[in-house]
Each structure stands twice: as structure tokens, then as C-alpha cells.
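Shown next, in C-alpha cells, is the structure this report addresses.
What follows is calculated from the coordinates using simple rules that are stated; it is not laboratory data. Source: prediction; values computed, not measured.
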Amino acid sequence: LRQPAGPEAAPPAPAPAPQATAASGTVTTTSAHPVNVRSSPAGGGAVVRVVPRASLLRVFGEAPGGWLQVGEEQPIGWLHSSMLER
């Protein structure tokens with residue numbers, strides 16, 4: 001088997017993940033509707049859980065763009081801060 005030579009030999013590098021920083025505290029999800037908690041801090045991340053309206057969650061981290069890593073006793077995923085009560 002021959003490997004192609006040149007730049008086409010290597011697959012493209014994946015896009016770097018946003019850098020998360022540690023955070024703490026609690027937040028309450030919107031009372032308007034259930035909220036999707038995602039696997040990564042981006043709108044395209046897979047939904048790992050749907051939390052009921054007005055759920056109290058613990059914050060474990062923050063990522064650029066308004067994303068918070070949330071859970072109960074341990075992190076379960078990410079939600080966007082626009083889905084929180086103000």
C-alpha cells in the first residue's frame with residue numbers, strides 16, 4: 001500500500017474546542033420551557049439531557065459565547081446562558 005505524498009496525505013485537523021474555565025454557583029433554567037443540556041459548548045452538540053422548566057443546576061465551568069457547564073453533583077453537560085432565568 002502506498003501512502004499519498006504531500007499535504008493531501010494528512011486528514012484535516014479538527015477545530016479546537018472552546019477553552020472552558022472553572023466557575024461555581026447555581027442557576028435556574030427558564031420557566032418558559034424545558035432546556036436542552038448538550039455534550040459540548042456549542043449549539044451543534046448532542047443533547048445529553050432535557051431538564052424540566054425552572055430547574056436548579058450547579059455551575060462547574062464556563063466557555064466563550066455564554067455557555068455554562070452544569071449538573072447536579074457532577075457535570076452533565078452544557079447549556080447556553082440565554083436559557084436561564086434573569
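Quick look at the numbers
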quantity	calculated
³J(HN,Hα) computed for each position of region 45-56 - Karplus, 6.51 cos²θ - 1.76 cosθ + 1.60, integer Hz, glycine/proline x	x, 4, 6, 9, 6, 10, 9, x, 4, 6, 7, 8
Karplus-derived 3J(HN,Hα), 6.51/-1.76/1.60, for each residue of region 31-42, Hz, glycine and proline x	8, 6, 6, x, 10, 7, 9, 10, 6, 9, x, 7
Under-5 Å amide H pairs with residue 23, H placed in peptide plane, nonlocal only	61, 62
From phi via Karplus (6.51, -1.76, 1.60), per-residue ³J(HN,Hα) for region 22-30 in Hz, x at Gly/Pro	5, 8, 8, x, 10, 9, 10, 5, 4
Potential lengthening between residue 49 and residue 22 on full extension [0.36 nm per residue; Cα-Cα distance subtracted]	7.6 nm
Residues whose placed amide H lies under 5 Å from that of residue 84, excluding near-sequence neighbours	30
Residues with amide H under 5 Å from that of residue 40, placed H, sequence gap 5 or more	45, 46, 78
